[in-house]
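**Q** The structure follows.
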Amino acid sequence: MITSVKGTRDLLPPDTRVWNRVEAAARDVFALYGFDEIRTPVLESTELFVRSVGESSDIVHKEMYTFTDRGDRSVTLRPENTAGVARAYVEHSLAQAGRPWKLYYMGPQFRYERPQKGRYREFRQIGAEVLGDPTAVMDAEVIVMLFDFLGRLGFTGLSVSINSVGTEATRPAYVEAVRTFFSSNEKTLGEDDRRRLADNPLRVLDSKDPAVKQLVASETFPKMVDLLPTLDPASDAHHRELKALLVASKVTFKEDPLLVRGLDYYTRTVFEVTAEGLGAQNALLGGGRYDKLISDLGGPKTPGIGFAIGEDRLVDVLPEPFRKKALEGMRAIAVVPVGSADMPDAWGIARLLRGAGLPVDFHSGHRGVGQALKSAEKSGAVIAVLVGQEEGLRGTVVVKTLATRSQEELPREGLAAVLQARL
Ligand code: AMP
């Protein structure tokens, strides 16, 4: 037997109904904020991720699905979608439109991680990006939009953790402060964290090692937001404006000076959203501002802000009422020919009903009417229309309510309207 590749999975009905409802809600809410969909290729040049996500990130360092194609190019299955969106923005000179671009995407992403509960090698993300607006207003708008979306799915107790990671002007000084701090505590660091310290000291903040976590949580650990007022007053003002806007929008937020997030391209705002009862682990989503990414990829200087939601996790923790509603199938009408000679007639009636907008579950009846009715009930039909020769002569069909097995003869004329009322 050939099975699916390790870390990937099939999404089967009826679960796909839930996924579709979640995606439909995202499309609805994002449209209210003026976002349009962008679809970028799953396959990109490896160089794109090395230059955007960053060489020292865990993703590029050890999680990418990279291979050489038949034309000897190094290509990678995208581990995230922001880089692809940024590449498309540059490639198609979208900056020339002279207005901000508000884009959303949804689709599969690939990371070669150790498969564990909730972590897959193929997973899906729903995300959005605003390109071309540097203001804190957009940071707030993106966060408020997210709250609306998650609210529509029924999540309650939503809260966003925010931090500012400064800009190029502040980053080197902060990285130095962090390096000095960890260097004077180097004995505490394991092999992985020492490598991170040498590569990029900020990565040590992502360490899962309890001893290192304790170090990071200590009072003396340097915090970017403390450096901003003196080193980078503009970023400090941006951060304060965002907080004021969140207060005005009645969005619950908390400041988390240790939130840096794993990607190299963030500048100023970074954030993560949590909901009641979810626990801090495995944040539902994360995002941030990236004012240098586009120019790093060879485009004009263009500010950006965006987020990515882990859709697998989102569906996993979805509030029950939304899931239940989504799982409810369509109440369908089964159309069953009584004998094989009745097939063309039954087929015509099925087409007529579907044409009137009614969902029809057509049965060939090749194993007899009894089997057809059983199978129809299992697939969720509530009414069966039996098409036979005798009734045909009278211009009628037999209509059976499957739950009670009660039946009556009804005229073919005006049948759709009568059935519609009974569904
Ligand atoms: P990131 O791009 O790392 O900020 O991830 C954004 C979101 O994607 C996370 O909060 C997760 O919910 C989700 N995610 C990342 N990696 C995986 C994975 N391997 N399997 C499932 N979900 C993932």
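The values are calculated or read from the model by the stated rules, or taken from the named source; none is laboratory data. Owing to the predicted nature of the structure, the values given are computational and were not obtained by experimental measurement. All Cβ positions, glycine included, derive from the backbone under ideal geometry; neighbour counts span all protein chains shown. With ligands, DNA and RNA removed, areas are computed over all heavy atoms of the protein, side chains included. Shrake-Rupley method; radii C 1.70, N 1.55, O 1.52, S 1.80 Å.
**Q** Please report the carbon-and-sulfur percent of the accessible area for the range 1-98; probe 1.4 Å, protein heavy atoms only, DNA, RNA and ligands left out. Write out the running numbers ahead of the final one.
**A** Working: 2770 of 5620 Å².
The nonpolar share, carbon plus sulfur, comes to 49 percent.
**Q** Return the carbon/sulfur percentage of the accessible area of the range 330-422, one whole number, probe 1.4 Å, all protein chains in place. Let's see the in-between values first.
**A** Working: 2810 of 5160 Å².
The C+S portion of the solvent-accessible surface of the range 330-422 is 55 percent.
**Q** Something else about it: Can you compute the label reach from GLU276? Point 7 Å from Cα along the Cβ direction, backbone N cut-off under 14 Å, restricted to the range 316-343.
**A** 319-321
**Q** Express the accessible area of the range 330-422 per residue in Å², computed with a 1.4 Å probe while the remaining protein chains stay in the model. Don't skip to the end; give the middle numbers.
**A** Working: 5160 Å² over 93 residues.
About 55 Å² of surface per residue is accessible.
**Q** So for the chain, considering every pair of alpha-carbon atoms, how many percent are separated by more than 40 Å?
**A** Numbers: 30857 of 89253 pairs.
In whole percent, the long-distance tail amounts to 35.
**Q** Identify which of ALA332, ALA140, ALA169 has the largest mean-square fluctuation in a Gaussian network model of the chain, with springs joining Cα atoms closer than 10 Å.
**A** Checking each option, the largest mean-square fluctuation is seen for ALA332.
**Q** Now for a different question. Counting only the backbone N, which residues of the range 391-423 are under 15 Å from the spot 7 Å out from the Cα of ARG331 toward its beta-carbon?
**A** 400-405, 417-423
**Q** Just reorder GLU219, GLU276, GLU408, GLU122 by solvent-accessible area, largest first, 1.4 Å probe, all chains present. Each step should come with its number before you reach the end.
**A** On the way: GLU219 170, GLU276 125, GLU408 80, GLU122 40 Å².
Heavy-atom accessible area, descending, gives GLU219, GLU276, GLU408, GLU122.
**Q** Tell me the Rg and the Dmax, in Å, that the Cα atoms of the range 315-391 produce.
**A** 15.4, 54
**Q** Tell me, what is the percent relative contact order of the range 267-408, built from C-alpha pairs under 8 Å that lie six or more residues apart?
**A** Normalised by residue count, the contact order of the range 267-408 is 17 percent.
**Q** Could you tell me the extents of the range 265-374's C-alpha atoms along the three principal axes, largest first, rounded to whole Å?
**A** Extents along the principal axes, in whole Å: 72, 39, 23.
**Q** Tell me the relative contact order for the chain as a rounded percent, counting alpha carbon contacts under 8 Å between residues six or more apart. Can you show the working numbers first?
**A** Values: 703 pairs, mean separation 66.9, N = 423.
For the chain, the relative contact order is 16 percent.
**Q** Can you give the angle from 0 to 90° between the axis of helix 369-378 and the longest principal axis of the chain, with both taken from C-alpha atoms, to the nearest 10?
**A** Approximately 20 degrees, to the nearest 10.
**Q** Further, regarding this structure: By average Cβ neighbour count within 10 Å, what is the ranking of 313-325, 285-297, 196-208 from highest down?
**A** Numbers: 313-325: 15.2, 285-297: 22.5, 196-208: 18.2.
Descending mean neighbour count gives 285-297, 196-208, 313-325.
**Q** Might you tell me the accessible area per residue for the range 141-293, computed with a 1.4 Å probe and given in Å²? Please list the in-between numbers first.
**A** Working: 6850 Å² over 153 residues.
Using a 1.4 Å probe on heavy atoms only, each residue of the range 141-293 averages 45 Å².
**Q** Follow-up. Show me the ranking of peptides 336-344, 66-74 by mean Cβ neighbours inside 10 Å, starting with the highest. Working shown, then result.
**A** Details: 336-344: 17.0, 66-74: 9.7.
Going by the mean number of other Cβ atoms within 10 Å, highest first, we get 336-344, 66-74.
**Q** Then there's this: Probe 1.4 Å, all protein chains in place: accessible area of LYS400 in Å², nearest 10?
**A** 30 Å²
**Q** Assign unit charges at the C-beta atoms only (+1 for Lys and Arg, -1 for Asp and Glu), then state the dipole size of the range 330-422 relative to its Cα centre in Debye, rounded to the nearest 20.
**A** Details: 11 positive and 9 negative charges, 71 e Å.
That gives the range 330-422 a dipole magnitude of about 340 debye.
**Q** If the range 221-309 were replaced by its equivalent ellipsoid, with semi-axes equal to the square roots of 5 times the Cα gyration tensor eigenvalues, what would those be, largest first, whole Å?
**A** On the way: eigenvalues 100, 65, 38 Å².
Computed over the range 221-309, the values are 22, 18, 14 Å.
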